[in-house]
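The block underneath contains the structure these notes are about, expressed in structure tokens.
Since every read-out is calculated from the coordinates, none of them should be taken as a lab result. Computed from a predicted structure; not experimentally measured. No Cβ is skipped: glycine too gets one built from the backbone with ideal geometry, and neighbour counts run over all protein chains shown.
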Amino acid sequence: MCGYDEPVYLISVVAKILNIHPQTLRQYEREGLIAPSRTQGKMRLYSQKDIDKIKMLLRLTRDLGVNLAGVDIILRLKDKIEHLEDELSELKIEIAKISSNGSVPLNKSVVTKKNSYELIIFQD
């Protein structure tokens, strides 16, 4: 059984599976929306993950009428949200560890610098 990220499908197979023209896939690649793997002979190979992403592209363009520039923005925002969600999960785990210990580890402690102000009064 191949993995979700393992590239195994040729462009003709993907085009047939999704009922689209291979040029559509090439255009998506030119636009930077997908990046299929390549063999040493430069043949495109698509993974199941790539196919799922293309399905999402087709839903956005066909069903919702989003142009390719809009799709690019949506994909970038989706990736950013996923990254931030991962980061948030890591921080929650770290907070839980700190809470269970009851103290902040020295390498994670926060030191604040207090500013001091001088007050100068001039007399007329």
Q. Computed on alpha carbon atoms, what radius of gyration and Dmax characterise region 9-102, expressed in Å?
A. 18.2, 60
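Structure shown: which of 55/80; 55/92; 16/42; 42/78 lie over 25 Å apart, alpha-carbon to alpha-carbon?
On the way: 55/80 20 Å; 55/92 33 Å; 16/42 20 Å; 42/78 29 Å.
Violating the 25 Å limit, Cα to Cα: 55/92; 42/78.
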**Q.** Under Karplus coefficients 6.51, -1.76 and 1.60, residue-wise ³J(HN,Hα) of region 42-54 in Hz, glycine/proline x
**A.** 6, 7, 6, 10, 10, 9, 5, 4, 4, 4, 4, 5, 5
**Q.** Cα-based reach from residue 97 at 16 Å (exclusive), listing aspartates and glutamates while leaving out same-chain residues under 8 positions away
**A.** 87
(Q) Going by amide H atoms built from the backbone, whose H comes under 5 Å of the H on residue 10, apart from near neighbours? (A) 46
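Please find the FRET efficiency linking residue 96 to residue 5, where r is the Cβ-Cβ separation and R0 is fixed at 41 Å, and quote it to the nearest 0.05. Mind showing how you got there, number by number?
Working: r = 30 Å, r/R0 = 0.74.
Rounded to the nearest 0.05, the efficiency is 0.85.
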Q | Inter-probe distance in nm under a simple model that places probes 7 Å from Cα toward Cβ, at residue 79 and residue 31 | A | 1.5 nm
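Can you tell me the length gained on complete extension of the stretch residue 39 to residue 66, counting 0.36 nm per residue apart and subtracting the Cα distance? Mind showing how you got there, number by number?
Numbers: separation 27, 0.36 × 27 = 9.72 nm, distance 3.17 nm.
Extending this stretch completely gives an extra 6.5 nm.
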